[in-house]
1. Within the set of other residues whose C-beta is less than 9 Å from the C-beta of Ala86, count the net charge using Lys and Arg as +1 and Asp and Glu as -1.
2. Given a 1.4 angstrom probe, I'd like the percentage of the accessible area of the chain that is carbon and sulfur, rounded to a whole number.
3. Which residues' amide hydrogens lie under 5 Å from the amide hydrogen of Val112, considering only partners 5 or more residues apart or on another chain, with H built in the peptide plane?
4. Would you grab the residues whose amide H sits under 5 Å from the one on Phe69? Only those 5+ places off in sequence or on another chain, please, with H modelled 1.01 Å from N.
5. Residues with amide H under 5 Å of Trp96's amide H, sequence separation 5 or more or different chain, H placed in the peptide plane at 1.01 Å from N; which?
6. Let me check something: with ligands and nucleic acids excluded, how do Arg300, Arg13, Arg262 order by accessible area (1.4 Å probe), largest to smallest?
7. Excluding ligands, DNA and RNA, what is the solvent-accessible area per residue of the stretch 173-292 at a probe of 1.4 Å, expressed in Å²?
8. Thinking of the stretch 41-121 as a set of Cα atoms, what percent of all their pairs are more than 21 Å apart?
Amino acid sequence: MGNPTGQQFEITRGNARAVVTEIGAGLRAFEVGGVPYVEEFGEDEKPPKGAGQVLLPWPNRTKAGKWTFQGEEQQLEITEEARGNAIHGLTRHLEWELLEHAESSITLAVDVEAQPGWPVPLRATVTYELAPRELTVTHEIRNEGEQPIGVGVGTHPYFRIGDVPTDELTLTLPASRVRPYLGDEQMPYAPERDVEGTEYDFRAGRVLAGVDLDTAFGSLSASDGEHQFVLSHEDRQLVVWTGPDFRWAQVFTPDDLVGRGRAVAIEPMTCPADALNTGTDLIELEPSASWTGSWGIRVR
């Protein structure tokens, strides 16, 4: 029986190393000098809680899997049965095609066929490229159909700084707006609001002990043309940077990530939950048009 994530592709540069999976084109490992900076899992294991996965053509949840395309209601497969939603897109469990594998970079591609709930075919690629202390991830989506469509992209990495316990890390977010999680609703997000004066203000940095998030952050401020999300501990710093089209980030702090326990995901997203219905920050692709955007991890 093969691995749940298919072939494992390693890239290296200097003392930096990453492992990308064939199924889902996910990030299974990223380390510098042998120190892990993402939560890893075994090649014989499924990605726990979506660890490292690419989320497209929409990230997060589509309520009840229903949305409307050009006046026709679409019904996506319900992939979050507990809440009755369609979650995290269509490509997490597909086998991606290897296009190029160099020593320090790799590019994979997948075709999203027209199917029940998704009427327009797409072609997507993802490139992972190492620098000495950095990993850059570049996504491209091309509309292969004959009708325009709005799409979204996200990823689901959990971050760490070596063996430092998650609760000892300080999280800094460049977000001035938030959509809090509401645990008792099927589509579990409250209306967007300012973070000023709330428990969701991480602009000056907060230690993660006692913090419980499954929360979408928006209105991101930029520094040097990037949105910068920072995890730090003493003199060590991990920067998750995103390009201008990644206007949102979901921050998730589960207590029960396999192999880690308490963990923190910072999920770059081009749009928030249920964007297929609201249209919020969808990337509009005309026929034959492409979109490209990047994010990355920088270790200081």
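1. +1
2. 43
3. Amide H neighbours of Val112: Leu122, Arg123, Ala124.
4. Under 5 Å from the amide H of Phe69: Gln74.
5. The answer is Ile23, Gly24, Ala25.
6. Details: Arg300 130, Arg13 110, Arg262 45 Å².
Greatest to least solvent exposure: Arg300, Arg13, Arg262.
7. 44
8. Within the stretch 41-121, distances greater than 21 Å cover 39 percent of Cα pairs.
The values are calculated or read from the model by the stated rules, or taken from the named source; none is laboratory data. In this text, all values refer to a predicted model and were calculated from it rather than measured experimentally. Every residue, glycine as well, gets a Cβ built from its backbone with ideal geometry; the counts of neighbours run over all protein chains shown. To get the accessible areas, we keep the full protein, side chains included, count just its heavy atoms, and leave off ligands, DNA and RNA. Shrake-Rupley method; radii C 1.70, N 1.55, O 1.52, S 1.80 Å.
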